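Structure incoming, see below.
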Amino acid sequence: MDTFKTKSGKTLAVTPIKHASMELDFDGLIIQVDPVTDGAAPVTDYTQWRKADVILITHDHYDHVDAQAVEALSKDGTVIVANGNAAALLGDGEVLYNGDNIRLADDLVVHAVAAYNITPGHTQFHPKGRDNGYIIEADGLRVYIAGDTEDIEEMAEVGPVDVAFLPCNQPYTMTPQQLRHAADMVRPDVLFPYHYGDTAPEAMMAALDGSGIEVRIREFQ
């Protein structure tokens with residue numbers, strides 16, 4: 001678990017789960033991101049996790065959306081925030097398109113931002129305008145969860161942020177070199193490479209060397 005302090009002294013705690021899945025605890029408000037039971041290894045039993053106040057889903061691929069996990073995490077009042085395809089798959093959810101935002105509490109706002117592929121031959125994986133990344137503003141703390149994306153030009157408008165989660169696995173997201181370019185655009189204080197599959201942590205660290213960014217490697221294969 002990694003913890004961060006907001007401007008008024010509240011705590012945001014990040015618990016990595018796997019791949020693109022994580023739990024955020026913002027002063028007792030539980031946010032689950034892209035929860036999946038067996039869409040990515042290892043199998044996760046979400047009935048053993050705390051119920052979520054908010055579930056954020058970036059897109060409708062099997063390793064990012066899972067009705068079983070959503071059901072296990074849901075309670076009365078749980079807000080599901082998703083792109084259009086994921087919401088349609090679940091039959092539920094507040095749909096955000098790129099550029100939309102939703103206020104979930106007085107001091108908590110989620111913004112949907114672009115996430116897509118740009119490399120020729122890869123654009124079918126995540127076409128422009130379909131999927132979401134998210135910027136979470138929690139009492140002044142800015143957290144960027146990029147979703148499945150490459151180093152797109154829109155990232156120059158995201159930063160600076162306090163914390164960023166940037167994906168690094170080909171052919172679906174970024175190479176280590178693209179990861180460095182994305183990090184230079186977003187300018188986070190702390191960077192978690194995530195969704196990194198078979199990409200060697202050493203390769204990511206080498207690409208980020210000299211960036212001036214604190215890089216934390218966690219269990220996000």
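Filter the range 148-161 down to residues that are closer than 20 Å to Pro16 by Cα and touching a Ser or Thr at 6+ places or on another chain (Cβ under 9 Å) and give me whichever is surrounded by the most Cβ atoms within 10 Å (Cβ to Cβ).
Applying the filter and picking the extreme gives Thr149.
Within the group Asp139, Asp189, which residue is acidic (Asp, Glu), open to solvent by less than 50 Å² (accessible area, probe 1.4 Å) and modelled with pLDDT of 95 or more?
Asp139
If you don't mind, another one. Would you please list the contacts, defined by Cβ atoms under 8 Å and residues six or more apart or on different chains, that run from a residue in the range 14-27 that is among the hydroxyl-bearing types (Ser, Thr, Tyr) to a residue that is open to solvent by 20 Å² or more (accessible area, probe 1.4 Å)?
As it stands, the answer is Thr15/Met1; Thr15/Asp25, since those pairs meet every condition given.
Would you check if Asp34 is open to solvent by 10 Å² or more (accessible area, probe 1.4 Å) and of a type in the set (D, E, K, R)?
no
The values are calculated or read from the model by the stated rules, or taken from the named source; none is laboratory data. Not measured: the values here are computed from a predicted model. Quick reminder, even Gly has a Cβ in these numbers, built from the backbone with ideal geometry, and neighbours come from all protein chains shown. Each accessible area value is taken on the protein alone, full model and side chains, heavy atoms only, with ligands, DNA and RNA left out. Shrake-Rupley method; radii C 1.70, N 1.55, O 1.52, S 1.80 Å.
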